[in-house]
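**Q** Please see the structure below; I have some questions.
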Amino acid sequence: MTNITAEEVKKRLDAGEKLNIVDVREPYENADFNIGGTLVPLGNIQSMQIDEIEDLKDKEVIFYCRSGNRSGQACMFLDAMGFKNTRNLVGGMLAWEEKFGR
């Protein structure tokens with residue numbers, strides 16, 4: 001796992017780069033505000049319900065949550081399961097909203 005900042009992600013998205021982004025929050029949090037990507041709540045990851053992202057094992061995958069805590073846990077868990085390039089969005093959606101708003 002490596003960290004990535006909200007600024008780095010936004011810059012890459014604004015440049016039109018196709019990123020593999022996974023939101024590990026709960027569905028109601030995702031519905032409230034998200035930056036795109038696939039919704040796979042942390043509980044699903046921990047119970048190995050990761051069919052949606054299994055094909056990303058060898059690719060860069062950026063995980064985010066509210067604060068960066070759950071996404072960090074997801075990265076560590078998936079690293080142990082053989083994912084090669086997990087990135088944790090530092091500060092999560094709190095940092096994103098602080099820098100860029102909704």
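**Q** Given the criteria over 18 Å from ASN3 (Cα atoms), in contact with an Asp or Glu (Cβ under 6 Å, 6 or more places away or on another chain) and at pLDDT 95 or above, does ASN30 qualify?
**A** Values: over 18 Å from ASN3 (Cα atoms): yes; in contact with an Asp or Glu (Cβ under 6 Å, 6 or more places away or on another chain): yes; at pLDDT 95 or above: yes.
In short, yes.
**Q** Oh, and also: Quick check on region 66-102: of everything there that is in contact with an Asp or Glu (Cβ under 8 Å, 6 or more places away or on another chain) and among the polar types (S, T, N, Q), which residue is surrounded by the most Cβ atoms within 10 Å (Cβ to Cβ)?
**A** My answer is THR86.
**Q** Of everything in region 42-60, what is in contact with a Lys or Arg (Cβ under 7 Å, 6 or more places away or on another chain), surrounded by 13 or more Cβ atoms within 10 Å (Cβ to Cβ) and of a type outside the set (Lys, Arg)? Give them in sequence order.
**A** Filtering region 42-60 for residues in contact with a Lys or Arg (Cβ under 7 Å, 6 or more places away or on another chain) gives 42, 57-58, 60.
Among the residues that remain, those that are also surrounded by 13 or more Cβ atoms within 10 Å (Cβ to Cβ) are: 42, 57, 60.
If the condition is that a residue be in contact with a Lys or Arg (Cβ under 7 Å, 6 or more places away or on another chain), surrounded by 13 or more Cβ atoms within 10 Å (Cβ to Cβ) and of a type outside the set (Lys, Arg), then LEU42, GLU60 are the ones that fit.
**Q** Further question on the same structure: What number of residues within region 37-52 are under 11 Å from the mean Cα position of the chain (by Cα) and of a type in the set (A, V, I, L, M, F, W, C)? Show your work before the answer.
**A** Narrowing region 37-52 to residues under 11 Å from the mean Cα position of the chain (by Cα): 37-42.
Still in the list and also of a type in the set (A, V, I, L, M, F, W, C): 39-40, 42.
Total meeting the criteria: 3.
**Q** How many residues are outside any strand (DSSP E or B), hydroxyl-bearing (Ser, Thr, Tyr) and closer than 14 Å to GLY91 by Cα when one looks only at region 1-31?
**A** Just the residues of region 1-31 that are outside any strand (DSSP E or B), to begin with: 1, 5-20, 24-31.
Subsequent filtering for residues that are hydroxyl-bearing (Ser, Thr, Tyr) retains 5, 28.
Those left that are additionally closer than 14 Å to GLY91 by Cα: 5.
Residues meeting the conditions: 1.
**Q** For ASP32, are the conditions met, namely being more than 12 Å from the chain's Cα centre (by Cα) and without any contact (Cβ under 8 Å) to a residue 60 or more places away in the chain? Break it down stepwise before answering.
**A** Numbers: more than 12 Å from the chain's Cα centre (by Cα): yes; without any contact (Cβ under 8 Å) to a residue 60 or more places away in the chain: yes.
Criteria met by ASP32.
**Q** Does VAL61 fit the bill of being in contact (Cβ under 8 Å) with a residue 40 or more places away in the chain and either touching a helix residue (DSSP H, G or I) at 6+ places or on another chain (Cβ under 8 Å) or not small (Gly, Ala, Ser) (or both)? Break it down stepwise before answering.
**A** On the way: in contact (Cβ under 8 Å) with a residue 40 or more places away in the chain: yes; either touching a helix residue (DSSP H, G or I) at 6+ places or on another chain (Cβ under 8 Å) or not small (Gly, Ala, Ser) (or both): yes.
Yes.
The values are calculated or read from the model by the stated rules, or taken from the named source; none is laboratory data. As the structure is a computational prediction, the values presented were derived from the model and not from experiment. No Cβ is skipped: glycine too gets one built from the backbone with ideal geometry, and neighbour counts run over all protein chains shown.
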